[in-house]
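The values are calculated or read from the model by the stated rules, or taken from the named source; none is laboratory data. Small disclaimer: the values here were computed from a predicted structure and weren't measured. Note that we place each Cβ from the backbone using ideal geometry, even for glycine, and neighbour counts take in every protein chain shown.
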Ligand SMILES: Cc1ncc(COP(=O)(O)O)c(C=O)c1O
């Protein structure tokens, strides 16, 4: 049984958009479909068109936002230790140093309180909180953090399309439109920012750094900055536009499937599973993963073995922690991360996809029921400790 199955529009649903693309003979370079997708997003986020730009993927979106912030080279950037590797590689590729912080025991996210404490012990130049597994952040709280500290905050909202909004607040959000997300364009990313000029600069950097603005200080067509090619193609925008039409229905189905599986697996496990709690940023509207915490590392291994026997694919999402990744270990600074460590020892991603059959649901339930449960998952605990840099 697969872990996840992408849910992208069928060929016949793409065809009208592809016909439009072909009729316009415009296949890339901010064509009509990319512009239409961006205009729709601007309306949804209730921001001006210039505050939204598409990119080739969220990883490049994060990298270009960090480049556009114009921080001194080698700046320390705070991010959670518990995240996908792209959050850290984007920081490194932008020429900065990731500083890894702990996450909240309930929401599994880096919060303004954790960031404030981390900044007090190891000053940083910016913060990149992650909307863990799509859970949205409270943008008012981060706006207050920005105002108090003067530090720019960039939310890695890769999995949080439809859940993470600015809510009339200020902020910078980077979403992924990857196949595995709820709003797939196959590959794609979206940057939304209320920071003056930021998305315009990201757009320019995504087009090699070439200036296309007649009103900018440099002539149109000349290089204004050292960018890259991170443009979204019209093909990808076509998939994105077709996905948008299905998003609401799929989001409701995802939510219903999640609620059903959580309740069912809670019963199968004798209520021994623990789930990510809602943050204060509102509900997660379109879940794409199912990620319970088990009572211990030993019990997780048991479930993994049972699933392997039953040919059920599972995955330790966001693991190992960033500080334990060989390519990152010597390039990051790590603060104490006790909650992230406990999460990494006990979290397991189980199959979750639209179209999951009753038989597949039963198979997962039977696997969970075969575990020898000894005790419910204990509460995650943060400990107060002094920062221990991993490397300089
Ligand atoms: C937290 C996080 N950040 C960044 C990314 C990268 O997104 P993309 O594949 O669009 O580059 C992902 C992808 O899953 C992610 O989970």
Just checking, does region 114-126 include any residue being within 14 Å of the ligand (Cβ to nearest atom), closer than 24 Å to residue 68 by Cβ, in the same structural domain as residue 76 (by TED's automatic domain parsing) and touching a residue at least 24 places away in the same chain (Cβ under 8 Å)? no
Give the residues of region 37-88 that are in a loop (DSSP other than H, G, I, E, B), more than 17 Å from the chain's Cα centre (by Cα) and under 30 Å from residue 21 (Cβ atoms), sorted by residue number. 46, 47, 48
Has region 211-225 got any residue that is in the same structural domain as residue 32 (by TED's automatic domain parsing) and closer than 29 Å to residue 10 by Cα? no
Being free of Cβ contacts under 8 Å to residues at least 24 places away in the same chain, more than 11 Å from the ligand (Cβ to nearest atom) and assigned by TED's automatic domain parsing to the domain that holds residue 74: is that true of residue 141 here? no
Considering only residues that are over 20 Å from residue 310 (Cα atoms), modelled with pLDDT of 70 or more and touching a strand residue (DSSP E or B) at 6+ places or on another chain (Cβ under 6 Å), which ones fall in region 338-392? 346
Out of region 226-265, which residues are without any contact (Cβ under 8 Å) to a residue 60 or more places away in the chain and part of a loop (DSSP other than H, G, I, E, B)? 226
For the condition assigned by TED's automatic domain parsing to the domain that holds residue 151, more than 16 Å from the ligand (Cβ to nearest atom) and under 21 Å from residue 192 (Cβ atoms), what is the one hit in 39, 56? 39
Is it the case, given these coordinates, that residue 223 is more than 16 Å from the ligand (Cβ to nearest atom) and farther than 30 Å from residue 22 by Cβ? yes
Kindly provide the set of residues from region 277-322 that are outside any loop (DSSP other than H, G, I, E, B), touching a residue at least 24 places away in the same chain (Cβ under 8 Å) and either closer than 21 Å to residue 267 by Cβ or away from the ligand (no atom under 16 Å from the Cβ) (or both), ordered by number. 290, 293, 297, 299, 300, 302, 303, 304, 306, 307
List the pairs whose first member sits in region 165-187 and is in the same structural domain as residue 231 (by TED's automatic domain parsing) and within 23 Å of residue 280 (Cα to Cα), whose second member is part of a strand (DSSP E or B) and within 9 Å of the ligand (Cβ to nearest atom), and whose Cβ atoms are under 7 Å apart, counting only residues at least 6 apart or on separate chains? 174/156; 174/189; 175/189; 176/189
The number of residues in region 166-190 that are buried (at least 20 other Cβ atoms within 10 Å of the Cβ) and more than 9 Å from the ligand (Cβ to nearest atom) is 9
